[in-house]
Every structure is written in C-alpha cells, then in structure tokens.
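Notes follow the structure.
The values are calculated or read from the model by the stated rules, or taken from the named source; none is laboratory data. This structure is a prediction, so every number in the text was calculated from the model and none was measured. Cβ coordinates were reconstructed from backbone atoms using ideal geometry, including for glycine residues, and neighbour counts include every protein chain displayed. Each accessible area value is taken on the protein alone, full model and side chains, heavy atoms only, with ligands, DNA and RNA left out. Shrake-Rupley method; radii C 1.70, N 1.55, O 1.52, S 1.80 Å.
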Amino acid sequence: MIKVHASTPRLEAAMARFGLKNSTAIQVGDLIMFSGMTGLDLETGQPIEGGTAAQARHTLGVFDDILHDLGLSLDHVVKVNAHLVNLEDFGAWNDVFLDVFDPPYPCRTTVGAPLIIGLIEIEITAATEPRR
Amino acid sequence: MIKVHASTPRLEAAMARFGLKNSTAIQVGDLIMFSGMTGLDLETGQPIEGGTAAQARHTLGVFDDILHDLGLSLDHVVKVNAHLVNLEDFGAWNDVFLDVFDPPYPCRTTVGAPLIIGLIEIEITAATEPRR
Amino acid sequence: MIKVHASTPRLEAAMARFGLKNSTAIQVGDLIMFSGMTGLDLETGQPIEGGTAAQARHTLGVFDDILHDLGLSLDHVVKVNAHLVNLEDFGAWNDVFLDVFDPPYPCRTTVGAPLIIGLIEIEITAATEPRR
C-alpha cells in the first residue's frame with residue numbers, strides 16, 4: 001500500500017516560492033517517509049530568527065502540523081536525521097529534541113553539513129503506530 | 001520477505017574497478033533500499049563531464065536501469081537523498097529532479113557534503129507499488 | 001507492529017554521559033531503524049585510538065552487540081550509511097566494511113561530513129530476516 005500525502009496549503013505555498021515540488025510525505029505500508037525541512041518562516045521564506053534551537057523547534061513544529069494532517073503526531077516519529085551547519089550547536093539541538101519529543105525517544109543521527117538555507121535540516125521517518 | 005538484488009553487469013564491472021562490493025539494492029517487504037550512486041561513467045570510472053546537472057541526470061539514469069532490471073521504474077521511487085559538493089548547484093539539481101521524475105514527486109532531502117568522487121551523490125528508496 | 005528496543009546497559013551508560021536519550025533501535029514491521037553511532041570507547045566516552053579504521057570496526061562491533069541483543073546479527077543489516085571526516089580514509093573504511101560483513105554485502109552510502117566526535121559516523125538499517 002502506497003499513499004502520497006499532499007502538503008498542507010501553507011507549506012505548499014512556501015515550497016512553491018522556491019520552485020520546490022517534492023512530496024512532503026509518502027507512506028509505504030506502515031512506514032511514512034518525509035522530505036527534509038529547514039527552519040524557514042513559511043510566509044516570508046526567510047530562516048527563523050533565534051539560531052539553531054529556534055529553527056529546530058520551528059521545523060519540528062512544521063512536521064507536527066503535517067503529522068496531524070495525516071491523523072498522526074510526533075509520537076509516531078521513529079527516526080530523526082539532523083544536519084547541523086555549526087556542530088557546536090549540538091547541545092542546543094539536543095535540548096530541543098528532548099523537549100519536543102517524549103520518551104521513549106525516536107532513533108536519531110546528527111552530522112554536520114553545509115546547508116542551502118538555515119542552520120539545521122531535519123528529516124523524519126514515522127510509523128502508522130505510535131512508538132509510545 | 002527479503003531479496004538482495006544483484007547489480008547489472010555493467011554496474012558490477014564499474015564497482016569492481018573501485019573495489020566496491022556492496023549490494024545495489026535490497027528489498028525488505030514492500031520497500032527497496034539502494035546504495036548511493038555518483039555520476040561516474042561506468043566504463044571509464046571517471047566523473048561524467050558537464051557538472052552537477054549532467055552527473056545528476058546520469059546517476060538517475062543508472063537508477064532507472066537498475067529499477068527496470070527489477071521490473072520497476074522511476075515512478076516507484078518514494079524518497080531521494082542528495083548530497084551536493086557545491087550548494088550553489090541546487091537550482092541545477094532541482095531542475096533535473098523535476099525533469100526526470102513526474103508528479104507527484106518523490107520526497108527529497110538535499111544537503112551539502114564533501115564527496116569521494118563527483119559533484120553529487122544520490123541515494124534512493126523505492127516501493128514495490130508506484131507512487132503515481 | 002512497532003517495537004522500541006532499549007539500549008544495552010553499557011551503551012545506555014555511555015549515552016547518559018553525553019545527555020543522549022534517543023532510542024538505539026526501533027522496529028517497524030520487518031524493518032529495524034537504528035541511531036547513528038561513532039567509534040567511542042563506551043567506558044571513557046573518548047574516541048577509539050587508531051583512526052577511522054579502528055573506529056569503524058568498533059562501531060560495527062557495538063551494532064553487532066545490539067543486534068545480538070535483539071536476536072539478530074550483522075547478517076540482518078540491509079543498509080549502511082557512513083559519514084567520514086576525512087575522505088581519504090574511504091579505502092580504510094571500505095576494507096573494514098568488507099571484512100566485517102559477509103557477501104552479499106548490505107547496500108551502502110558514504111559521504112563526507114564534519115562530526116561532533118570521532119572520525120566516522122555509521123547508521124544502519126536492518127531487517128528481521130537475514131540477507132544471507
């Protein structure tokens with residue numbers, strides 16, 4: 001069973017501003033794959049102010065919106081892949097991760113990477129059943 | 001159900017030239033995972049000429065060949081993870097992505113990364129059912 | 001079916017030292033996703049001596065321990081995603097990969113990336129059925 005999820009209208013408008021047309025999420029069986037997201041203001045297309053922590057919180061908030069649109073929540077996230085422009089921000093990112101998710105936490109991998117825009121790029125994988 | 005897919009003969013010969021022996025694709029249930037690929041000429045082992053766009057197109061063409069070998073097509077791709085050596089080539093990569101795939105497009109994440117060879121490394125995930 | 005796997009006690013103690021609480025592995029259906037790992041000595045929290053090859057071998061050994069804890073082995077690994085601080089260490093990493101795994105090998109993607117600690121970060125995906 002495969003199901004392509006259309007973006008929320010706000011997100012779709014924000015992506016169109018960048019010429020982006022990739023799907024937000026595609027479900028294959030009991031797994032849902034997502035496109036990576038950065039901490040952009042969906043109205044202005046500019047990075048959220050407040051650095052890595054604020055951008056991480058915003059990005060997870062956008063994923064939360066999409067998940068709710070699918071009848072799911074952050075409790076359904078099983079893996080989080082994060083790319084940080086500044087590795088010294090790992091502590092700030094870790095604090096947001098622990099604050100936004102509840103235990104048992106998702107799996108996670110964090111590495112450094114130059115990004116097209118913003119200070120952190122987050123990609124999630126979710127399941128149709130909650131992990132908690 | 002798990003199934004390891006042997007490489008196409010051309011690809012296997014190219015990989016042997018680099019001492020690479022990883023599987024090209026492994027199917028687990030209704031999901032097929034692939035090894036990352038770069039835009040190398042499979043005969044010479046050298047990066048394809050023409051920069052990021054040409055290498056991206058070539059790499060997706062190699063995936064297309066492998067997918068056809070599995071009885072699938074680019075319509076079965078659900079996620080694309082790209083690593084760019086030069087972030088300013090994102091527009092060129094986006095153009096190729098939009099040209100090679102048809103809507104609804106796969107999910108996608110693009111970040112910057114130094115690469116062993118070539119200007120873009122692409123990894124795909126496919127499903128046994130098409131997304132369109 | 002979703003199942004969150006608690007860490008082994010040694011690994012959990014090592015992660016607590018860094019304030020890390022993400023899950024080690026989460027199973028969704030017939031697929032098991034893991035958190036990325038680096039080549040740290042689980043007792044001291046310091047990178048393993050001996051460079052990329054030694055750290056790669058150690059990291060795959062930690063995954064082997066976790067897999068055994070789940071009733072699985074390295075034969076169940078279907079995909080390996082590696083991030084190298086020094087791209088010139090690819091040959092050393094490839095040698096370890098070929099030595100630790102047996103054919104048919106898992107799928108693999110290797111890119112360069114700055115890391116928070118250590119010289120190689122490895123993330124694996126496994127299946128409940130062996131690939132060999």
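Observations
- Any hit, the stretch A:109-130, residues being facing chain C (nearest Cβ under 8 Å), surrounded by fewer than 23 Cβ atoms within 10 Å (Cβ to Cβ), over 22 Å from C:GLY36 (Cβ atoms) and in contact with a helix residue (DSSP H, G or I) (Cβ under 6 Å, 6 or more places away or on another chain): yes
- Summed over the stretch B:77-121, the residues that are β-branched (Val, Ile, Thr) and under 24 Å from A:LEU119 (Cβ atoms) give a count of 6.
- The number of residues in the stretch B:49-65 being farther than 18 Å from A:VAL28 by Cβ and either within 12 Å of chain A (Cβ to nearest Cβ) or in contact (Cβ under 8 Å) with a residue 40 or more places away in the chain (or both) comes to 10.
- Odd one out for C:MET1 among (1) open to solvent by less than 50 Å² (accessible area, probe 1.4 Å); (2) under 27 Å from A:ILE124 (Cα atoms): (1)
- Checked against the criteria, B:SER7 does not count as touching a strand residue (DSSP E or B) at 6+ places or on another chain (Cβ under 9 Å), free of Cβ contacts under 8 Å to residues at least 40 places away in the same chain and surrounded by 20 or more Cβ atoms within 10 Å (Cβ to Cβ).
- Any hit, the stretch A:84-100, residues being of a type in the set (D, E, K, R) and under 22 Å from B:ARG108 (Cβ atoms): no
For every residue, the table says whether it meets (1) in contact (Cβ under 8 Å) with a residue 60 or more places away in the chain; (2) touching a Ser or Thr at 6+ places or on another chain (Cβ under 6 Å).
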residue	(1), (2)
B:LEU74	no, no
B:ALA82	no, yes
B:GLY91	no, no
B:VAL111	no, no
B:ILE124	yes, no
B:ARG131	no, no
